[in-house]
Amino acid sequence: MQIISDSNHLRTALNNERGKNRSLAFVPTMGNLHKGHMELVKRAKSLADIVVVSIFVNPLQFGPNEDLEKYPRTLSTDKALLFSEGINTLFVPSEIDIYPNGREQETIIVVPEISKILCGRDRPGHFEGVATVVTKLLNLVTPDYAVFGEKDYQQLSIIRKLVHDLKFETNIVAVGTVRDDDGLALSSRNMYLNEDERKLAPLLFDTLAHCRDAIASGFDNFLELESHARFKLIESGFSLDYFTILDAQTLSEITEDTKEISILVAARLGETRLIDNVRISVNTATDWGILAAQ
Ligand code: PAF
(Lines give C-alpha, C1' and ligand atoms only; values in the text may rest on other atoms or scores of the structure.)
Protein backbone atom coordinates (compact mmCIF):
# COMPACT_ATOMS: atom_id res chain seq x y z
CA MET A 1 0.00 0.00 0.00
CA GLN A 2 1.46 3.36 -0.99
CA ILE A 3 0.82 6.19 1.46
CA ILE A 4 0.84 9.61 -0.18
CA SER A 5 0.52 12.96 1.54
CA ASP A 6 1.13 15.34 -1.35
CA SER A 7 -1.55 15.99 -3.98
CA ASN A 8 0.91 16.39 -6.89
CA HIS A 9 2.47 13.11 -5.98
CA LEU A 10 -1.02 11.54 -5.84
CA ARG A 11 -1.88 12.79 -9.34
CA THR A 12 1.36 11.36 -10.76
CA ALA A 13 0.83 8.00 -9.08
CA LEU A 14 -2.78 7.74 -10.27
CA ASN A 15 -1.96 8.90 -13.82
CA ASN A 16 0.51 6.08 -13.90
CA GLU A 17 -2.24 3.57 -12.97
CA ARG A 18 -4.65 5.02 -15.50
CA GLY A 19 -1.95 4.75 -18.17
CA LYS A 20 -2.17 1.01 -17.58
CA ASN A 21 -5.93 1.20 -18.26
CA ARG A 22 -6.87 0.45 -14.68
CA SER A 23 -10.22 1.57 -13.30
CA LEU A 24 -10.28 3.47 -10.06
CA ALA A 25 -12.65 3.56 -7.07
CA PHE A 26 -12.34 6.14 -4.30
CA VAL A 27 -13.46 6.12 -0.66
CA PRO A 28 -13.08 9.53 1.05
CA THR A 29 -13.08 9.33 4.86
CA MET A 30 -12.12 11.30 7.94
CA GLY A 31 -10.41 8.22 9.40
CA ASN A 32 -11.15 6.40 12.67
CA LEU A 33 -12.22 3.58 10.41
CA HIS A 34 -14.87 1.14 11.63
CA LYS A 35 -16.89 -1.67 10.05
CA GLY A 36 -19.08 0.87 8.25
CA HIS A 37 -16.06 2.34 6.44
CA MET A 38 -14.73 -1.12 5.69
CA GLU A 39 -18.00 -1.95 3.89
CA LEU A 40 -17.37 1.09 1.67
CA VAL A 41 -13.85 -0.13 1.03
CA LYS A 42 -15.07 -3.63 0.19
CA ARG A 43 -17.62 -2.23 -2.25
CA ALA A 44 -14.90 -0.09 -3.85
CA LYS A 45 -12.75 -3.21 -4.29
CA SER A 46 -15.60 -4.97 -6.06
CA LEU A 47 -16.00 -2.06 -8.49
CA ALA A 48 -12.52 -1.23 -9.77
CA ASP A 49 -8.93 -2.41 -10.21
CA ILE A 50 -7.43 0.24 -7.95
CA VAL A 51 -8.86 1.53 -4.67
CA VAL A 52 -7.81 4.88 -3.24
CA VAL A 53 -8.84 5.78 0.31
CA SER A 54 -8.34 9.27 1.72
CA ILE A 55 -8.14 10.22 5.38
CA PHE A 56 -8.57 13.92 6.07
CA VAL A 57 -10.35 15.44 9.06
CA ASN A 58 -11.78 18.34 7.10
CA PRO A 59 -11.77 21.48 9.28
CA LEU A 60 -14.10 23.29 6.89
CA GLN A 61 -17.05 21.05 7.76
CA PHE A 62 -16.84 21.64 11.54
CA GLY A 63 -18.62 24.58 13.15
CA PRO A 64 -16.78 26.82 15.66
CA ASN A 65 -18.27 24.97 18.66
CA GLU A 66 -18.02 21.47 17.21
CA ASP A 67 -15.65 18.59 17.87
CA LEU A 68 -12.80 19.27 15.38
CA GLU A 69 -10.11 19.14 18.08
CA LYS A 70 -11.38 16.02 19.80
CA TYR A 71 -12.44 14.16 16.62
CA PRO A 72 -10.76 10.73 16.94
CA ARG A 73 -7.52 10.44 14.95
CA THR A 74 -6.31 6.85 14.76
CA LEU A 75 -4.00 6.82 11.75
CA SER A 76 -1.88 3.80 12.65
CA THR A 77 -4.86 1.46 13.24
CA ASP A 78 -6.54 2.87 10.12
CA LYS A 79 -3.41 2.11 8.06
CA ALA A 80 -3.30 -1.46 9.41
CA LEU A 81 -6.98 -2.04 8.54
CA LEU A 82 -6.54 -0.72 5.00
CA PHE A 83 -3.36 -2.68 4.52
CA SER A 84 -5.11 -5.91 5.59
CA GLU A 85 -7.89 -5.16 3.09
CA GLY A 86 -5.27 -4.91 0.31
CA ILE A 87 -5.87 -1.24 -0.52
CA ASN A 88 -3.52 0.17 -3.17
CA THR A 89 -3.28 3.82 -2.21
CA LEU A 90 -3.91 5.80 0.95
CA PHE A 91 -3.99 9.59 0.60
CA VAL A 92 -3.40 11.49 3.85
CA PRO A 93 -3.06 15.15 2.89
CA SER A 94 -2.14 17.96 5.23
CA GLU A 95 -4.48 20.91 5.75
CA ILE A 96 -2.10 23.19 3.82
CA ASP A 97 -2.16 20.82 0.86
CA ILE A 98 -5.98 20.88 0.66
CA TYR A 99 -6.44 24.54 1.67
CA PRO A 100 -3.25 26.32 0.53
CA ASN A 101 -4.95 29.73 0.73
CA GLY A 102 -6.05 29.21 4.32
CA ARG A 103 -9.62 28.30 5.31
CA GLU A 104 -10.88 31.88 4.98
CA GLN A 105 -9.62 32.48 1.44
CA GLU A 106 -10.80 29.29 -0.21
CA THR A 107 -13.29 28.95 -3.06
CA ILE A 108 -16.37 27.37 -1.51
CA ILE A 109 -18.87 25.06 -3.18
CA VAL A 110 -22.48 25.76 -2.24
CA VAL A 111 -25.17 23.25 -3.22
CA PRO A 112 -28.38 25.28 -2.95
CA GLU A 113 -31.52 24.43 -0.95
CA ILE A 114 -30.79 20.84 -0.01
CA SER A 115 -27.69 22.04 1.94
CA LYS A 116 -29.73 24.47 4.01
CA ILE A 117 -32.31 22.09 5.47
CA LEU A 118 -32.13 19.38 8.19
CA CYS A 119 -28.47 19.08 9.28
CA GLY A 120 -27.63 22.15 7.16
CA ARG A 121 -29.98 24.24 9.29
CA ASP A 122 -28.57 22.91 12.56
CA ARG A 123 -24.93 23.02 11.42
CA PRO A 124 -24.51 26.19 9.29
CA GLY A 125 -21.62 25.87 6.81
CA HIS A 126 -21.25 22.14 7.35
CA PHE A 127 -22.34 21.02 3.89
CA GLU A 128 -20.38 23.80 2.18
CA GLY A 129 -17.33 22.30 3.90
CA VAL A 130 -18.27 18.80 2.77
CA ALA A 131 -19.07 19.89 -0.81
CA THR A 132 -15.81 21.85 -1.08
CA VAL A 133 -13.55 19.06 0.14
CA VAL A 134 -15.36 16.39 -1.90
CA THR A 135 -15.03 18.54 -5.04
CA LYS A 136 -11.30 18.99 -4.42
CA LEU A 137 -10.78 15.29 -3.73
CA LEU A 138 -12.75 14.22 -6.81
CA ASN A 139 -10.68 16.63 -8.92
CA LEU A 140 -7.47 15.16 -7.54
CA VAL A 141 -8.40 11.49 -7.76
CA THR A 142 -10.76 11.64 -10.80
CA PRO A 143 -12.13 8.20 -9.91
CA ASP A 144 -14.54 6.11 -11.97
CA TYR A 145 -16.48 5.43 -8.77
CA ALA A 146 -16.69 7.17 -5.41
CA VAL A 147 -18.33 5.30 -2.55
CA PHE A 148 -20.35 6.91 0.27
CA GLY A 149 -22.46 5.57 3.14
CA GLU A 150 -26.25 5.91 3.28
CA LYS A 151 -26.02 6.71 6.97
CA ASP A 152 -25.20 10.29 5.96
CA TYR A 153 -28.18 10.36 3.64
CA GLN A 154 -28.39 14.14 3.23
CA GLN A 155 -24.64 14.29 2.53
CA LEU A 156 -25.09 11.57 -0.11
CA SER A 157 -27.93 13.51 -1.77
CA ILE A 158 -25.84 16.69 -1.81
CA ILE A 159 -22.85 14.89 -3.31
CA ARG A 160 -25.05 13.31 -5.99
CA LYS A 161 -26.35 16.76 -6.90
CA LEU A 162 -22.94 18.41 -6.99
CA VAL A 163 -21.49 15.61 -9.14
CA HIS A 164 -24.43 15.98 -11.52
CA ASP A 165 -24.40 19.80 -11.59
CA LEU A 166 -20.61 20.17 -11.94
CA LYS A 167 -20.55 17.39 -14.55
CA PHE A 168 -18.06 15.12 -12.88
CA GLU A 169 -17.68 11.81 -14.67
CA THR A 170 -17.50 9.87 -11.41
CA ASN A 171 -20.30 7.42 -10.57
CA ILE A 172 -21.52 7.83 -7.00
CA VAL A 173 -22.13 4.51 -5.29
CA ALA A 174 -24.11 4.24 -2.04
CA VAL A 175 -23.62 1.55 0.59
CA GLY A 176 -26.24 0.66 3.24
CA THR A 177 -25.82 1.65 6.88
CA VAL A 178 -23.89 -0.79 9.05
CA ARG A 179 -25.36 -1.25 12.54
CA ASP A 180 -24.36 -2.68 15.87
CA ASP A 181 -26.36 -5.73 17.02
CA ASP A 182 -28.77 -3.47 18.90
CA GLY A 183 -29.46 -1.38 15.78
CA LEU A 184 -27.30 1.68 16.53
CA ALA A 185 -25.77 2.94 13.27
CA LEU A 186 -21.96 2.78 13.41
CA SER A 187 -20.33 6.19 13.68
CA SER A 188 -17.03 7.52 14.94
CA ARG A 189 -19.03 9.76 17.27
CA ASN A 190 -20.58 6.78 19.12
CA MET A 191 -17.38 6.65 21.15
CA TYR A 192 -18.34 9.94 22.83
CA LEU A 193 -21.42 8.29 24.44
CA ASN A 194 -21.24 7.39 28.12
CA GLU A 195 -22.65 4.06 29.33
CA ASP A 196 -26.20 5.31 29.92
CA GLU A 197 -26.30 7.24 26.65
CA ARG A 198 -25.02 4.22 24.75
CA LYS A 199 -27.87 2.11 26.22
CA LEU A 200 -30.42 4.69 25.12
CA ALA A 201 -28.96 5.36 21.66
CA PRO A 202 -30.55 2.35 19.82
CA LEU A 203 -33.96 3.94 20.47
CA LEU A 204 -33.22 6.16 17.47
CA PHE A 205 -33.25 3.22 15.07
CA ASP A 206 -36.15 1.54 16.94
CA THR A 207 -38.22 4.68 16.44
CA LEU A 208 -37.29 4.94 12.76
CA ALA A 209 -38.08 1.25 12.24
CA HIS A 210 -41.41 1.56 14.06
CA CYS A 211 -42.34 4.49 11.84
CA ARG A 212 -41.23 2.63 8.71
CA ASP A 213 -43.28 -0.42 9.70
CA ALA A 214 -46.35 1.70 10.36
CA ILE A 215 -46.08 3.21 6.87
CA ALA A 216 -45.45 -0.27 5.46
CA SER A 217 -48.69 -1.47 6.99
CA GLY A 218 -50.60 1.34 5.25
CA PHE A 219 -50.64 4.11 7.89
CA ASP A 220 -50.24 7.36 5.99
CA ASN A 221 -50.80 10.09 8.57
CA PHE A 222 -47.19 11.27 8.47
CA LEU A 223 -47.74 14.24 10.76
CA GLU A 224 -49.07 11.97 13.47
CA LEU A 225 -46.19 9.52 13.00
CA GLU A 226 -43.66 12.35 13.23
CA SER A 227 -45.15 13.89 16.35
CA HIS A 228 -45.47 10.51 18.06
CA ALA A 229 -41.81 9.72 17.29
CA ARG A 230 -40.62 13.17 18.43
CA PHE A 231 -42.54 12.85 21.69
CA LYS A 232 -41.11 9.38 22.36
CA LEU A 233 -37.50 10.48 21.76
CA ILE A 234 -37.74 13.67 23.80
CA GLU A 235 -39.52 11.87 26.63
CA SER A 236 -36.70 9.29 26.69
CA GLY A 237 -34.00 11.92 27.09
CA PHE A 238 -32.95 12.89 23.57
CA SER A 239 -32.70 16.50 22.59
CA LEU A 240 -34.14 16.51 19.08
CA ASP A 241 -32.85 18.45 16.07
CA TYR A 242 -35.37 16.85 13.68
CA PHE A 243 -37.43 13.74 13.03
CA THR A 244 -39.02 13.97 9.61
CA ILE A 245 -40.62 11.94 6.84
CA LEU A 246 -39.70 13.18 3.35
CA ASP A 247 -39.46 12.24 -0.31
CA ALA A 248 -36.16 10.35 -0.51
CA GLN A 249 -35.31 11.75 -3.94
CA THR A 250 -35.86 15.44 -3.28
CA LEU A 251 -35.70 15.61 0.53
CA SER A 252 -38.83 17.74 0.34
CA GLU A 253 -42.45 17.02 1.20
CA ILE A 254 -44.05 13.81 0.03
CA THR A 255 -46.21 14.25 -3.05
CA GLU A 256 -48.21 12.01 -5.34
CA ASP A 257 -45.04 11.48 -7.36
CA THR A 258 -43.00 10.21 -4.41
CA LYS A 259 -41.47 6.84 -5.23
CA GLU A 260 -39.42 6.41 -2.14
CA ILE A 261 -39.85 7.75 1.38
CA SER A 262 -37.01 8.66 3.68
CA ILE A 263 -37.40 8.95 7.45
CA LEU A 264 -34.55 10.96 8.93
CA VAL A 265 -33.55 11.82 12.46
CA ALA A 266 -30.88 13.92 14.18
CA ALA A 267 -30.81 14.02 17.96
CA ARG A 268 -28.40 14.69 20.76
CA LEU A 269 -27.56 12.63 23.80
CA GLY A 270 -25.56 14.91 26.06
CA GLU A 271 -22.97 16.55 23.82
CA THR A 272 -23.15 13.86 21.14
CA ARG A 273 -25.14 14.46 17.98
CA LEU A 274 -26.37 11.29 16.28
CA ILE A 275 -28.05 10.93 12.89
CA ASP A 276 -29.80 8.00 11.24
CA ASN A 277 -32.36 7.26 8.52
CA VAL A 278 -34.37 4.50 6.85
CA ARG A 279 -36.09 4.37 3.47
CA ILE A 280 -39.17 2.73 2.01
CA SER A 281 -40.23 2.31 -1.62
CA VAL A 282 -43.86 3.06 -2.35
CA ASN A 283 -45.90 1.14 -4.85
CA THR A 284 -48.05 3.80 -6.45
CA ALA A 285 -48.86 7.44 -5.86
CA THR A 286 -52.16 6.89 -4.15
CA ASP A 287 -51.70 3.51 -2.59
CA TRP A 288 -48.89 3.43 -0.03
CA GLY A 289 -48.25 -0.27 -0.74
CA ILE A 290 -44.66 -1.02 0.10
CA LEU A 291 -42.29 -2.74 -2.29
CA ALA A 292 -39.21 -2.89 -0.17
CA ALA A 293 -38.10 -1.48 3.11
CA GLN A 294 -34.57 -1.02 4.39
O1 PAF B 1 -18.55 11.33 5.52
C2 PAF B 1 -17.39 11.75 5.81
O3 PAF B 1 -16.59 11.07 6.44
C4 PAF B 1 -16.98 13.16 5.36
O5 PAF B 1 -18.05 14.04 5.42
C6 PAF B 1 -16.32 13.17 3.97
C7 PAF B 1 -17.31 12.73 2.88
C8 PAF B 1 -15.11 12.27 3.96
C9 PAF B 1 -15.88 14.59 3.63
O10 PAF B 1 -14.95 15.07 4.57
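Points worth noting:
- Average accessible area per residue (Å²) across the chain - probe 1.4 Å, nucleic acids and ligands excluded: 48
- Centre-to-centre, using Cα atoms only, the range 127-145 and the range 1-70 are separated by 10 Å.
- If you sort Met1, Met30 by accessible surface, 1.4 Å probe, largest first, the order is Met1, Met30.
- Seen from Phe56, the other residues with C-beta closer than 15 Å to its C-beta sum to a net charge of -1, counting Lys and Arg as +1 and Asp and Glu as -1.
- Over 25 Å (Cα to Cα) - which of Lys79/Lys151; Lys116/Lys199; Lys79/Lys161; Lys70/Lys151; Lys42/Lys199 fall in this group: Lys116/Lys199; Lys79/Lys161; Lys42/Lys199
- Heavy-atom surface analysis with a 1.4 Å probe gives the chain a carbon and sulfur content of 48 percent of its accessible area.
- A cut-off of 5 Å between modelled amide H atoms, ignoring neighbours fewer than 5 places along the same chain, links Asn171 with Tyr145, Ala146.
- Relative contact order (%) - the chain, alpha-carbon pairs under 8 angstrom, separation at least six: 16
- For the range 172-294, the residue among Thr244, Gly176, Asn194 whose Cα projects farthest onto the positive side of the dipole built from Cβ charges is Asn194.
- MRE, 222 nm, helices only [DSSP H, n ≥ 4, -39500 (n - 2.57), over the chain, to nearest 500]: -11000 deg cm²/dmol
- Under-5 Å amide H pairs with Asp241, H placed in peptide plane, nonlocal only: Ala266, Ala267, Arg268
- Computed from point charges on the beta carbon alone (+1 for Lys and Arg, -1 for Asp and Glu), the dipole magnitude for the chain about its Cα centre is near 940 Debye.
- Taking Cα centre as origin and charging only the Cβ of basic (Lys, Arg, +1) and acidic (Asp, Glu, -1) residues, the dipole magnitude of the range 48-183 rounds to 240 debye.
- Taking a ≥ b ≥ c as the square roots of the eigenvalues of the alpha-carbon gyration tensor, the range 1-126 is classed prolate because a/c is 1.5 or more and a/b outweighs b/c.
- Shape category assigned to the range 56-105 from the gyration tensor of Cα positions, a/c cut at 1.5: oblate
- Prolate/oblate/rounded label for the range 168-282 (Cα gyration tensor, a/c 1.5): oblate
The values are calculated or read from the model by the stated rules, or taken from the named source; none is laboratory data. Just so it is clear, the structure is predicted and the values come from calculations on it, not from any experiment. Cβ atoms come from the backbone with ideal geometry, glycine included; neighbour counts cover every protein chain shown. Calculation scope for accessible area: heavy atoms of the full protein, side chains included, ligands and nucleic acids excluded. Shrake-Rupley method; radii C 1.70, N 1.55, O 1.52, S 1.80 Å.
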